[in-house]
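Asker: Sharing a structure, written as structure tokens. Questions coming.
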Amino acid sequence: MTRILAIETSSDACSVAISNGEADYSFHELMPRQHTEALIGVIDDLLNSASLDTKDLDAVAVGCGPGSFTGIRLACSTAQGISISQNIRGIVVPSLDILASSINRMESAEKIVSIVDANMGRLYLAEYNYSGQLLKNSELTSITRNAFNPEKYDKETFFIGEGCRLVLDSIKEVSSLISFELPSALELLYMAKEKHSRKDTVASEQILPLYLTEESNWVKS
């Protein structure tokens, strides 16, 4: 039985999920600018529902962004604290990957573009190609809103993320497959289980936010 806690607060949603090895429990609710006050209470409630304590966990997973700077800092620091205190490994997943995995799982989408508002007229954007459920390749970048080029895509491309609203007219020129879904801790949990089974984990000090210093240059802080 693999017991994993997953935390995703890169968007307006406070999203937490946990598996006790037999069942999954999750919380996903919009609460802009309230994550800091709510997160620990949500985690405690889900641990109680799953009849677990942090000492029972095998790993802690986090959506590391990009997204809300405050949100991803909170998620990573909370996950890092649990990882250190319980001497367990971490699992770090970009929030744009969580969006893509979700729509691949639900719609069997193969060509996917995840878009998140980066503020100040910019977009965080990631392009994915799947073969079934196997990710073939992905490219992450940050571009200006005006640089978004719909001609790169076709009608089979699935666009996902709240950032789609910012370029919606352009997207509609090429595809009707659009979802404004936010990253979900439950999807992160599914991904974390698979990563844990492959021993794709990191040490506590590597549980860090993902941010962009310059175009096409993603780094951990």
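Asker: Can you confirm whether D200 is farther than 24 Å from C64 by Cβ and either part of a strand (DSSP E or B) or not aromatic (F, W, Y) (or both)?
Answerer: no
Asker: Considering the stretch 68-107 alone, what residues qualify as being of a type in the set (A, V, I, L, M), within 16 Å of the chain's Cα centre (by Cα) and either surrounded by fewer than 19 Cβ atoms within 10 Å (Cβ to Cβ) or not in a helix (DSSP H, G or I) (or both)?
Answerer: The first filter runs over the stretch 68-107 and keeps only residues of a type in the set (A, V, I, L, M), leaving 72, 74-75, 79, 82, 84, 88, 91-93, 96, 98-100, 103, 106.
Next, from what is left, pick out any that are within 16 Å of the chain's Cα centre (by Cα): 72, 74-75, 79, 91-93, 96, 98-100, 103, 106.
Across the stretch 68-107, the qualifying residues are I91, V92, V93, M106.
Asker: If R165 passes every condition in (1) farther than 18 Å from P66 by Cα; (2) among the basic types (K, R); (3) in a helix (DSSP H, G or I) but one, which one does it miss?
Answerer: (1)
Asker: Among the numbered criteria (1) in contact (Cβ under 8 Å) with a residue 24 or more places away in the chain; (2) in the same structural domain as Y25 (by TED's automatic domain parsing); (3) not hydroxyl-bearing (S, T, Y), which single criterion is violated by D53?
Answerer: Exception for D53: condition (1).
Asker: Return a yes/no flag: does the stretch 22-30 have any residue that is in the same structural domain as D12 (by TED's automatic domain parsing), buried (at least 21 other Cβ atoms within 10 Å of the Cβ), farther than 22 Å from V202 by Cβ and touching a strand residue (DSSP E or B) at 6+ places or on another chain (Cβ under 9 Å).
Answerer: Pass one, the stretch 22-30, residues in the same structural domain as D12 (by TED's automatic domain parsing): 22-30.
Remaining after also requiring buried (at least 21 other Cβ atoms within 10 Å of the Cβ): none.
No: the stretch 22-30 contains no residue that is in the same structural domain as D12 (by TED's automatic domain parsing), buried (at least 21 other Cβ atoms within 10 Å of the Cβ), farther than 22 Å from V202 by Cβ and touching a strand residue (DSSP E or B) at 6+ places or on another chain (Cβ under 9 Å).
Asker: Now for a separate question. Could you pull out the residue among L166, L134, L140 that is among the hydrophobic types (A, V, I, L, M, F, W, C), without any contact (Cβ under 8 Å) to a residue 12 or more places away in the chain and not assigned by TED's automatic domain parsing to the domain that holds D58? Break it down into steps so the answer makes sense when it comes.
Answerer: Working: L166 fails: without any contact (Cβ under 8 Å) to a residue 12 or more places away in the chain; L140 fails: without any contact (Cβ under 8 Å) to a residue 12 or more places away in the chain.
Every option except L134 fails the conditions.
Asker: Cβ-Cβ below 9 Å, separation at least six or inter-chain, first residue in the stretch 11-27 and in contact (Cβ under 8 Å) with a residue 12 or more places away in the chain, second basic (K, R): which pairs?
Answerer: From the stretch 11-27, the pairs are D12/R33; I18/R3; S19/R3; S19/K193; N20/R3; G21/R3.
Asker: Residues that are without any contact (Cβ under 8 Å) to a residue 40 or more places away in the chain and surrounded by 22 or more Cβ atoms within 10 Å (Cβ to Cβ): does the stretch 108-120 have at least one?
Answerer: Among the residues of the stretch 108-120, not one is without any contact (Cβ under 8 Å) to a residue 40 or more places away in the chain and surrounded by 22 or more Cβ atoms within 10 Å (Cβ to Cβ), which makes the answer no.
Asker: Next question. Which residues, counting only those in the stretch 110-166, are polar (S, T, N, Q) and either closer than 17 Å to A100 by Cβ or in contact with a Pro (Cβ under 7 Å, 6 or more places away or on another chain) (or both)?
Answerer: S114, N129, S131, Q133, N137, S138, T141, S142, T157 - these are the residues of the stretch 110-166 that are polar (S, T, N, Q) and either closer than 17 Å to A100 by Cβ or in contact with a Pro (Cβ under 7 Å, 6 or more places away or on another chain) (or both).
The values are calculated or read from the model by the stated rules, or taken from the named source; none is laboratory data. What you see is a predicted model; the values in this text were computed from it and never measured. Quick reminder, even Gly has a Cβ in these numbers, built from the backbone with ideal geometry, and neighbours come from all protein chains shown.
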